[in-house]
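Asker: Dropping the structure in here first, questions after.
Readers should treat all values here as calculations from the given coordinates under stated rules, not as data from a laboratory. Given the structure is predicted, the values throughout are model-derived calculations rather than measurements. Cβ atoms come from the backbone with ideal geometry, glycine included; neighbour counts cover every protein chain shown.
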């Protein structure tokens, strides 16, 4: 019986796939466009920049409301 993998939950937990990541990034891009950011600017952003902007949505909204 493989008790070591049974006890270690990190080895048996499901892993996030590439399609899940792509879907999440697309959702985050739509959120930025909804906050008022131009779609051309959103398409040029890197993934880490997108997540950084979404940490403070009110700042993004104020920045692009002008």
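Asker: Looking at the range 5-27, I want the residues that are at negative phi and in contact (Cβ under 8 Å) with a residue 12 or more places away in the chain and have a partner that is in a helix (DSSP H, G or I) and surrounded by 10 or more Cβ atoms within 10 Å (Cβ to Cβ) with Cβ atoms under 7 Å, at least 6 apart or on another chain. Which pairs are those?
Answerer: Here the result reads 25/47; 25/50, each pair linking the range 5-27 to a residue that is in a helix (DSSP H, G or I) and surrounded by 10 or more Cβ atoms within 10 Å (Cβ to Cβ).
Asker: Cβ-Cβ distance below 6 Å, separation of 6 or more or different chains: which pairs start in the range 31-46 with a residue that is more than 15 Å from residue 65 (Cα to Cα) and end on one that is surrounded by 13 or more Cβ atoms within 10 Å (Cβ to Cβ)?
Answerer: Sorted first by the residue in the range 31-46, then by its partner, the pairs are 42/29; 42/32; 42/33.
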